[in-house]
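The values are calculated or read from the model by the stated rules, or taken from the named source; none is laboratory data. Source: prediction; values computed, not measured. Methodologically, a virtual Cβ is constructed for each residue, glycine included, from the backbone with ideal geometry; neighbour enumeration extends over all protein chains shown. Ligands, DNA and RNA are stripped out before the accessible areas are found, and what is left, the full protein with its side chains, is counted by its heavy atoms. Shrake-Rupley method; radii C 1.70, N 1.55, O 1.52, S 1.80 Å.
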Amino acid sequence: MKTAAPTESAEDAYRRMRLHRIRHLVVMEGKHVIGILSERDLGGSRGTTLRTGRTVGDLMARDVATAKAETTIRQAANMLRGRTIGCLPVMEDSKLVGIVTVTDLLELVGEVIRKASTDARWKPVRRMGRWPRNAEPGRARS
């Protein structure tokens with residue numbers, strides 16, 4: 001888990017995110033979580049103009065949803081989905097102890113599916129009704 005100060009330059013924060021291959025930074029002021037900065041907030045790879053002369057504090061999201069260390073995976077997933085956000089800082093006794101991201105949850109789903117079935121590639125998608133009954137990707141439909 002990486003953090004940033006609100007006074008850090010937006011360009012430096014973006015470079016650090018790229019270096020560590022992460023998409024979120026928890027913004028801290030002292031020991032307090034005051035925001036979240038996402039790669040999207042920084043404009044991504046084409047956001048140089050957006051970042052120029054700006055700080056993390058200028059671009060961060062200030063309304064931060066957090067999870068407790070005892071929050072279940074289901075609860076965390078529901079919070080992420082319900083708020084349409086990509087990460088939740090995890091707090092224990094008012095201290096930042098971690099972060100859970102949508103990517104973390106997707107990796108967990110993939111691991112569960114892998115363990116549950118050796119041939120689960122298309123089954124979940126079909127069950128959700130995304131494909132016509134007798135069709136699979138790459139197969140001609142009649």
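Couplings 3J(HN,Hα) for the range 26-37, derived from phi with the Karplus relation 6.51 cos²θ - 1.76 cosθ + 1.60 (θ = phi - 60°), are 7, 8, 10, 10, x, 9, 9, 6, 10, x, 10, 10 Hz, where x marks Gly and Pro. For the set Ser38, Ser9, Ser94, solvent exposure ranked by accessible area (probe 1.4 Å, protein chains only) runs largest to smallest as Ser94, Ser9, Ser38. Of all DSSP-defined beta bridges confined to the range 1-91, some 65% are antiparallel rather than parallel.
For the range 73-81, backbone phi angles converted through the Karplus equation (6.51, -1.76, 1.60; θ = phi - 60°) give residue-by-residue couplings of 4, 4, 4, 4, 4, 5, 5, 4, 5 Hz, Gly and Pro being listed as x. Per-residue 3J(HN,Hα) values for the range 91-101, derived from phi via the Karplus relation 6.51 cos²θ - 1.76 cosθ + 1.60 with θ = phi - 60°, read 10, 9, 6, 6, 10, 5, 10, x, 8, 10, 10 Hz in sequence order (x marks Gly and Pro). Projecting the alpha carbon convex hull of the range 1-96 along each direction and taking the average yields 6.1 nm². Note on the range 37-85: Cα-Cα pairs beyond 14 Å make up 60% of the total pair count.
Extension gain for the segment Val112 to Asp58, taken as residue separation times 0.36 nm less the Cα-Cα distance, is 15.5 nm to one decimal.
A cut-off of 5 Å between modelled amide H atoms, ignoring neighbours fewer than 5 places along the same chain, links Gly47 with no other residue. Under 18 Å from a label point 7 Å along Cα→Cβ of Thr72: give me every residue in the range 86-114 with its amide N that close. Under 18 Å, as judged by backbone N against the label point of Thr72, lie 105-106, 108-109, 112 of the range 86-114. Taking amide hydrogens as placed 1.01 Å from N in the peptide plane, the amide H of Lys2 sits under 5 Å from those of Val26, each at least 5 positions away in sequence or on another chain.
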